[in-house]
Amino acid sequence: MLDDVSFEIRAGEFTGLIGSNGAGKTTLFRVILGLTPASRGRILLAGGARSRRNPLIGYVPQKFLLDPDMPLRARDLVALGIDAHRFGIARPSRARRERAEQMLAAVDALEFADKRVGLLSGGEQQRVLIAHALIGEPRLLLADEPLANLDLRSADEVVALLARIAREQQIAVFISAHEINPLLPVMDRVVYLAAGRAVSGPAKEVVRSDVLSRLYGHHVDVLHVHGRVIVIAGAGEDLGGHELRFPDAETGS
Amino acid sequence: MSHFLSPLFETGFFQSEAVRTALIIGTVVAIVAGALGVFTVMRGQSFAAEAFGDIGTTGGSGAFLVGAGPLPGFLVFGVLAAGAMELVGIQRARGRDLATGIVLGAALGLAALFLYLGSTIHNTTGAVVTILFGSIFTISNSMIPLVAVLAAVVALILLVIHRPLLLSTVSPEIATARGVPVRLLGATYLLALAAAVALCALTIGSILSTALLVGPAAAALRATRRAGRAVLLAGLLGVAAMWLGIVLAYDSYYWPPKGNGWPVSFFVVTIVFVIYLLSGVPAWRERRRAGRTIG
């Protein structure tokens, strides 16, 4: 499905994984997590080989919808991030509670900390899941389509939050999206997937007609229209009105 | 017994050996059933629990045919059913329902044969009622150690696996990414569930066993936002239903038709049902209140 995909992501940076549906974003995440074996190639994390059960990676899966009846408050789900993979009993302690409280504060989720997770909105659930992933102090945070099914405002808030986390906690934040627009204001680097290959680098260097044409293997137009950038990948590629907008686009606004 | 409770507790209630045994076994079983039940409801596996109970009928009737007690039969067939379900792929919902249904039908057919042969050979039909609907007053107190050990094993398994089990119930993807052996955990949980259902079958009968497992748990899950509290509350509600059921069944000896008590299982299952209905009242009232302010 993916071939010859090579790139690096850095601590303290916000990296976006962009590609249309079926481009292989989830597959790539699964390979990074060690859930799907790669036929060849390797993944290095913090300079070493990535092992399974890796506490260095925090993961927010795609399409997370919890049953409203699940007896779990937001703060309980966050606390599960500490050591829920272990067997036996966890002694409740003040340190655990305080750590969960800190993480909830870090993702602005204190207001709904005592509500059932299943009753929260999509944006609120995303924050709680991010806190759940971060409480184990990972070096890399993977979030698979965290903006799917979010309204525009919630999507912007989640993006701003993830960017802040990357800078403040000096971890590598790597999120996938099929829509690049919401990420552009904060994205340090982009990994662009198409036709089983990838290009990566700063967004302005990647989202260009010549670079994307090489990636797709045929001519691709990148248009700047009234401060918006639109990628037209040509016949056969369904990008469904894929719109790109640079905040500092040359055409001005 | 203090005088104001005497209308409830008929004379001789606590002096009766059968009642004491029933109370002890009923309490132990209700606690374990509540704990397992909470996870069963959360994981959406009530149908699997029902299947273990029904397949337990085959085990219980087979044990009756060869002249053994019902519990080993319930247990062995429940555990075999758990293994079979795991093999046919409990992960896929469609395959699971289909396979469970087909295996269930075959097992109950076998139960029909065993019950017929057993009643004919042993020249009694009482065992049929005992297996299907339970008969907690007829349990010998020599069963207490076996029930206690089995319950302790189930509780211990749940205690050991409850955290990763909860995580994999919330999100199998997150659990897998964190190295939790999700499938092995699911299989272990199914085994514990099969044993818990066998215990329920002993007290209130194989085909009613799910009521004690799922009913108190479902009511508890409506009442609390926390998993730990749900487990405690489910156990408490189950014990309450069991005790009240035993008391009423004992009292019913003096109800018509006089001289024949009503079955305990009827009372327990009915009380569980009422508890479940009542647990929906707060949410119902809230909806009504919300409807009024809008309308």
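Just a few scattered comments:
- Between region A:1-26 and region B:112-130, the alpha-carbon center distance in angstrom: 66
- For the protein assembly as shown, share of DSSP beta bridges that run antiparallel, in % to the nearest 5: 45
- Loop-located chymotrypsin sites (Phe, Trp or Tyr not before Pro) across region A:1-35 with a Cβ neighbour count of 13 or fewer within 10 Å are lacking, with loop assigned by DSSP.
- Computed over region A:76-208: relative contact order in percent, which uses C-alpha pairs under 8 Å that are six or more apart: 20
- Each Lys and Arg adds +1 at its Cβ and each Asp and Glu adds -1 at its Cβ; summed about the Cα centre, the protein assembly as shown shows a dipole of about 860 debye.
- Computed from the C-alpha gyration tensor, the three semi-axes of the ellipsoid equivalent to region B:32-122 are 26, 15, 9 Å, from longest to shortest.
- Selection of trypsin sites (Lys or Arg not before Pro), region B:213-260, meeting DSSP coil and at most 11 other Cβ within 10 Å: B:Lys258
- For the protein assembly as shown, diffusion coefficient by Stokes-Einstein and Kirkwood Rh (Cα), 25 °C, 0.890 mPa s, µm²/s: 92
- Unit Cα scatterers, Debye sum, region A:50-115: log10 I(q)/I(0) for q = 0.14, 0.27, 0.28 Å⁻¹: -0.51, -1.36, -1.36
- Expressed per residue, the C-alpha convex hull volume of region A:1-42 stands at 87 Å³.
- Region B:186-248: C-alpha pair distances exceeding 15 Å, %: 57
- Separation of region B:208-237 and region B:178-207, taken as the distance between their Cα centroids, equals 16 angstrom.
- Shown for B:Trp262, B:Trp255: other C-beta atoms within 10 Å of each C-beta, ranked fewest to most, produce the order B:Trp255, B:Trp262.
- Ignoring lysines fewer than eight residues from A:Lys63 along the same chain, the ones with Cα atoms less than 23 angstrom from its Cα are A:Lys25, A:Lys115.
- Interchain or long-range residues, amide H under 5 Å from A:Leu223's placed H: A:Ile230, A:Val231, A:Ile232
Read-outs throughout are calculated quantities, based only on the coordinates presented, and are distinct from any laboratory measurement. Worth saying up front: this structure is predicted, and the values here are computed from it rather than measured. Reconstructed Cβ throughout: ideal geometry from the backbone, glycine too, with neighbour counts over all protein chains shown.
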